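Quick notes on the structure that follows.
Each reported figure results from applying straightforward, stated rules to the coordinates on display, with no laboratory input. Values in this document were obtained by computation on a predicted structure and should not be read as measured data. Here the Cβ positions follow ideal geometry from the backbone for every residue, glycine too, while neighbour counts run over all protein chains shown.
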Amino acid sequence: MAQEELNKAVSGEYEIGFEIDIEADTVPPGLSEDVIRFISAKKEEPSWMLDLRLQAYKKWQTMQEPHWGHVTYEPIDYQSISYFSAPKQAPSSLDEVDPKILDAYKKLGIPLEEQNQLQGIAVDAVVDSVSVKTTYTDELQKHGIIFCSISEAIRDYPELVQKYMFSVVPMNDNFYAALNSAVFTDGTFVYIPKGVRCPMELSTYFRINALNTGQFERTLIVADEGSFVSYNEGCSAPTRDENQLHAAVVELVVMKDAQIKYSTIQNWYPGDENGKGGIYNFVTKRALCKGENSKISWAQVETGSAITWKYPSCILQGDNSTGEFYSVAVTTLAQQADTGTKMIHLGKNTNSTIISKGISAMKGQNTYRGLVKIAGKASNARNYSECDSLLIGDKCGAHTFPYLENKNARAQVEHEATTTKISDEQLFYLRQRGISEEDAVNMIVHGFCKEVFNKLPMEYAVEAKALLNLTLEGSVG
Amino acid sequence: MSNNIMDIQDLHAKIGEKEILKGLNLSLEAGKVHVIMGPNGAGKSTLSKAIVGHYDIEVTKGNIRYKDKDIVSMEPEERALEGIFMSFQNPVEVPGVNNAYFLRTAVNAKRKFQGLEELNAAEFLRAAKKLVVELGMKPEMLNRSLNQGFSGGEKKRNETLQMMMLEPDFIILDEIDSGLDIDALRAVSEGINRMKDGKRTFLIITHYSRILDYIAPDYVHVLKDGKIIKTAGSELVAELEETGYGALEES
């Protein structure tokens with residue numbers, strides 16, 4: 001049995017590949033200083049922001065596209081991408097949001113009417129290049145929490161943005177970060193003041209909609225001393241034959257005794273089984289644990305995109321700070337993922353944990369790439385890494401590239417890696433007990449991912465499991 | 001109408017290119033304990049795998065009628081839901097899958113098939129914990145990953161637990177006594193004996209008679225070279241111990 005049935009099971013339909021039929025303002029494809037000036041003007045940005053964008057653009061022009069990832073794709077023509085697309089109606093309240101967008105979000109399971117939402121989750125909805133709606137802002141403001149689009153933040157909170165933007169991911173950090181710095185359009189800004197525990201989950205839902213448009217969002221979250229926030233992002237895009245570029249930058253700053261939990265459920269359109277279409281997801285995510293006892297926890301479930309290239313990282317600068325990375329990456333169809341993390345231990349007694357679960361099916365290629373770097377001053381630093389790969393079928397691949405640089409003799413580093421195959425024997429055992437083949441595959445895959453799902457907020461863990469089932473649907477008969 | 005739960009007729013089955021069962025005929029009376037004995041390589045495991053629909057086995061000819069239906073083309077889970085259970089010789093480890101969650105899923109799949117209401121977590125645990133104690137298992141076994149790191153004895157007890165929870169009609173015990181110490185053998189046998197209710201049918205596959213000191217068979221079937229060559233009562237066990245399989249000729 002097995003192979004064919006498995007293939008059926010792992011080629012689940014992408015059910016959210018619909019297009020929202022809205023009128024949009026889209027600039028013609030191409031990148032130039034004029035386009036950047038146009039974006040900045042559209043966003044009514046102050047001149048300092050435009051200057052920074054133009055600096056980034058100059059740097060980007062001198063940089064080379066990186067090719068060290070274990071992925072292959074046709075060259076990207078950066079002049080064929082449109083860098084700005086916005087739904088035409090600019091809403092100022094929910095009543096003014098285009099009903100088609102409300103509908104679309106409803107279909108995605110994210111109603112934007114506050115009274116209809118899951119209890120205690122505030123949402124920033126970003127379509128293509130703009131934020132269309134941020135909910136619960138008033139409620140959050142009572143606690144001094146700022147939760148708004150990055151465009152608003154640039155206008156309304158320039159001192160915070162100037163202080164922290166580019167402080168974790170410099171504009172010339174890498175090719176895609178530089179591109180993003182020049183052309184970023186929207187994204188989310190969060191500031192949690194000292195000692196405040198954010199009373200609800202914050203989330204951003206990104207939707208790429210327009211054709212031939214890149215999405216370049218920028219997220220900046222600052223957790224001031226002793227604060228806590230749990231933030232989640234979700235992503236989806238229509239089914240299209242063309243590849244679309246998504247090059248985001250996420251910067252997190254965590255002060256003394258503060259904590260950020262950052263969860264991602266990434267479900268960009270993956271393309272078809274022959275590798276046609278799908279999102280190129282080239283993302284730079286980095287957190288700075290700036291103060292003592294600060295903590296950052298990344299949890300990601302990556303099921304979408306034709307190509308994923310991302311390494312949510314932690315710079316553990318404060319003494320006793322903690323970085324965690326929990327990841328499930330699924331590649332099926334012809335998807336390729338090169339993902340992992342970097343844990344940079346600078347402070348004393350810093351602690352990091354990496355749990356990475358890669359699942360490959362059909363022609364999927366899954367690569368874990370991770371760096372654990374322990375600086376000379378990071379005495380008693382500790383890292384534990386575990387990278388497990390699960391193969392479904394025999395045309396897929398799993399690759400692991402763990403790097404370690406240790407300059408401190410009193411640091412402790414552990415690494416474990418396993419590669420297993422869902423065996424016919426396991427499936428048969430469960431089926432002999434009356435469990436259908438599809439449920440059996442799901443059960444084994446969920447078991448494999450358990451340590452990561454346990455780290456997601458509950459609603460998202462449920463969503464992640466459902467998404468995983470859908471993605472792997474059809475690998476069974 | 002016969003009182004047989006299973007009738008196997010002219011069964012030919014191969015593993016890869018090799019034919020293992022060569023026209024096997026076997027009738028199994030319902031509610032009885034049947035033992036299949038035979039030398040290594042005779043086809044005992046192949047027979048049990050053919051009954052449960054294992055992927056290694058290709059049935060090329062003949063049929064297996066169970067409850068008056070030919071099951072040869074049925075999926076393994078369909079056969080299981082119809083009441084066929086096999087206790088595996090070497091149960092596979094499934095990391096990360098919680099033993100209790102797995103067992104509840106299986107129990108509820110069966111209940112759903114039977115049109116019964118599914119058990120909630122509390123109802124399930126109450127029933128399972130009681131059996132766990134009776135089988136001499138540590139209660140934490142329910143919270144561990146399915147079979148992962150279980151000793152040989154723990155695996156067999158866990159198989160017995162599944163059998164008792166699923167309440168099957170037709171139970172295949174494939175070398176259940178292999179690798180068991182005397183305490184485990186006793187606990188497993190007691191569990192099996194409690195399942196004997198005059199309606200359930202047992203098919204015990206063994207090449208030792210050790211388990212038969214604890215579970216009294218009604219019929220003994222001798223399998224040799226891919227065929228059943230003799231069927232008799234429990235007295236055949238002692239006879240075989242004395243003379244071995246070599247003395248038996250096809251009857």
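List the trypsin sites (Lys or Arg not before Pro) in segment A:126-199 that DSSP assigns to loop (not H, G, I, E or B) and whose Cβ has at most 12 other Cβ atoms within 10 Å. Which are they? Write out the running numbers ahead of the final one.
Working: sites: A:K133, A:K142, A:R155, A:K163, A:K194, A:R197; in loops: A:K142, A:K194.
Answer by residue number: A:K142.
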Quiz item: Which links in A:K43/A:K285; B:K18/B:K199; A:K261/B:K138; A:K421/B:K61 stretch past 26 Å when you go from one Cα to the other?
Solution: B:K18/B:K199; A:K261/B:K138; A:K421/B:K61
Exercise. At 7 Å along the Cα-to-beta-carbon direction for both A:R155 and A:I76, put a label point, then send me their distance in nm to one decimal.
Key: 2.9
Exercise. Quick one: check the C-alpha center-to-center distance for segment A:141-206 versus segment B:100-153, whole angstrom.
Key: 49
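Can you put A:H143, B:H221 in order of Cβ neighbours within 10 angstrom, beginning with the fewest? All intermediate terms of the calculation are to be shown ahead of the outcome.
On the way: A:H143 15, B:H221 23.
The order, fewest Cβ neighbours first, is A:H143, B:H221.
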Quiz item: On average over all directions, what projected area in square nanometres does the protein assembly as shown have, based on the convex hull of its Cα atoms?
Solution: 35.5
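Can you give the local net charge around A:I315? Use residues other than it whose beta-carbon is closer than 9 angstrom to its beta-carbon, Lys and Arg +1, Asp and Glu -1. Don't skip to the end; give the middle numbers.
On the way: positive: A:R286, A:K290, A:K342; negative: none.
Once all neighbours under 9 Å are counted, the net charge is +3.
Treating only the Cβ atoms of Lys and Arg (+1) and Asp and Glu (-1) as charged, compute the dipole magnitude of chain B about its Cα centre; round to the nearest 20 debye.
On the way: 32 positive and 39 negative charges, 128 e Å.
Once rounded to the nearest 20, the dipole reads 620 debye.
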Practice problem: Based on other C-beta atoms within 10 Å, arrange B:V72, A:V441 from fewest to most. | Solution: B:V72, A:V441
Quiz prompt | Paramagnetic reach from A:A466 (point 7 Å along Cα→Cβ, amide N under 20 Å) across segment A:258-300 | solution = A:263-270, A:300
Quiz item: Under a point spin-label approximation (7 Å from Cα along Cα-to-Cβ), what is the A:N408-B:D213 distance to one decimal in nm?
Solution: 6.2
Exercise. Calculate the spin-label point distance for B:R186 paired with A:L54, positioning each point 7 Å from the Cα along the beta-carbon direction, and give it in nanometres.
Key: 9.1
Quiz item: So which of B:K44/B:K230; A:K194/A:K310; A:K450/B:K156 end up more than 24 Å apart by C-alpha?
Solution: A:K194/A:K310; A:K450/B:K156
Quiz prompt | Residues of type aspartates and glutamates that A:K295 reaches as a straight line, Cα spacing below 16 Å, ignoring anything fewer than 8 places off in the same chain | solution = A:D224, A:E225, A:E251, A:D257, A:D319, A:E324
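Which longest run of chain B has no exposed loop site in it, a site being trypsin sites (Lys or Arg not before Pro) in a DSSP loop with at most 14 other beta carbons within 10 Å, and the site itself not part of the run?
Working: sites that count: B:K67, B:K199.
The longest such stretch corresponds to B:68-198.
So what is the calculated 222 nm ellipticity per residue for the protein assembly as shown, using -39500 (n - 2.57) for each DSSP H run with n of 4 or more, over all residues, to the nearest 500 deg cm²/dmol?
Working: 18 runs with 191 residues, N = 728.
It comes out at -8000 deg cm²/dmol, rounded to the nearest 500.
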Quiz item: Considering chain B as a Gaussian network with a 10 Å cut-off on Cα pairs, which listed residue, B:G23, B:G149, B:G226, attains the greatest mean-square fluctuation?
Solution: B:G149
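What shape does segment A:123-195 take by its C-alpha gyration tensor, where a ≥ b ≥ c are the square roots of the eigenvalues and a/c under 1.5 counts as rounded, a/b above b/c as prolate, and the rest as oblate?
Since a/c reaches 1.5 but b/c is at least a/b, the shape of segment A:123-195 is classed as oblate.
Compute the FRET efficiency between B:N90 and A:K377 as 1/(1 + (r/R0)^6), taking r as their Cβ-Cβ distance and R0 = 60 Å, and round to the nearest 0.05. It would help to have the intermediate numbers written out before the result.
On the way: r = 52 Å, r/R0 = 0.87.
Once rounded, the FRET efficiency stands at 0.70.
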Exercise. Give the peptides B:202-208, A:376-382 in descending order of average Cβ contacts within 10 Å, highest first.
Key: B:202-208, A:376-382
Quiz prompt | Packing-based order for A:417-426, A:386-395, using average beta carbon neighbours within 10 Å, highest first | solution = A:386-395, A:417-426
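In debye, nearest 20, what is the charge dipole magnitude of the protein assembly as shown about its Cα centre with +1 on Lys and Arg Cβ and -1 on Asp and Glu Cβ, if you could check? Kindly include the intermediate steps, with their values, before the conclusion.
Working: 77 positive and 101 negative charges, 364 e Å.
Computed about the Cα centre, the dipole is about 1740 debye.
Counting other Cβ atoms within 10 Å of each Cβ, which chymotrypsin sites (Phe, Trp or Tyr not before Pro) in segment A:32-77 have at most 12 and sit in a DSSP loop?
Of the chymotrypsin sites (Phe, Trp or Tyr not before Pro), the ones in loops of segment A:32-77 whose Cβ has at most 12 other Cβ atoms within 10 Å are A:W68.
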Quiz item: Hey, if you put +1 on the Cβ of every Lys and Arg and -1 on every Asp and Glu Cβ in chain B, which of B:N158, B:L212, B:H34 ends up farthest toward the positive end of that dipole?
Solution: B:N158
Self-check item: segment B:188-233 versus segment A:398-477: alpha-carbon centroid distance in Å
Solution: 40
Self-check item: Two-site FRET efficiency, B:D56 against B:N143, from Cβ-Cβ distance with R₀ of 30 Å, rounded to 0.05
Solution: 0.40
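Is the shape of segment B:1-48 best called rounded, prolate or oblate, per the rule: a/c under 1.5 gives rounded, else a/b larger than b/c gives prolate, else oblate, with a ≥ b ≥ c the square roots of the Cα gyration tensor eigenvalues?
Numbers: a/c = 3.24, a/b = 1.71, b/c = 1.89.
Oblate is the answer for segment B:1-48, as a/c is 1.5 or above yet b/c matches or exceeds a/b.
Give the calculated FRET efficiency between B:E17 and B:E78 to the nearest 0.05, with a Förster radius of 35 Å applied to their Cβ-Cβ distance.
Values: r = 28 Å, r/R0 = 0.79.
The pair B:E17/B:E78 has a calculated efficiency of 0.80.
If you count, for every residue in B:89-101, the Cβ atoms of partner chains within 10 Å of its Cβ, what is the mean? Intermediate values should be presented prior to the final figure.
Numbers: counts 0, 1, 2, 8, 4, 12, 9, 13, 10, 4, 0, 0, 3.
Mean inter-chain Cβ contacts per residue within 10 Å come to 5.
What shape does segment B:147-220 have by the C-alpha gyration tensor, where a ≥ b ≥ c are the square roots of the eigenvalues, rounded means a/c under 1.5, and otherwise prolate means a/b greater than b/c and oblate the rest? Could you put the intermediate results ahead of the total?
Values: a/c = 1.84, a/b = 1.23, b/c = 1.50.
Oblate, because a/c is 1.5 or more while a/b does not exceed b/c.
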Self-check item: Straight-distance crosslink candidates among aspartates and glutamates, where the alpha carbon sits under 13 Å from B:K129 and sequence neighbours closer than 8 are dropped
Solution: B:E140
Quiz item: So which lysines pass the test for B:K196, namely a Cα distance under 16 Å, with those fewer than 8 places away in the same chain ruled out?
Solution: B:K32
Quiz prompt | Cβ-based net charge around A:K163, under 14 Å, with every Lys or Arg adding one and every Asp or Glu removing one | solution = -2
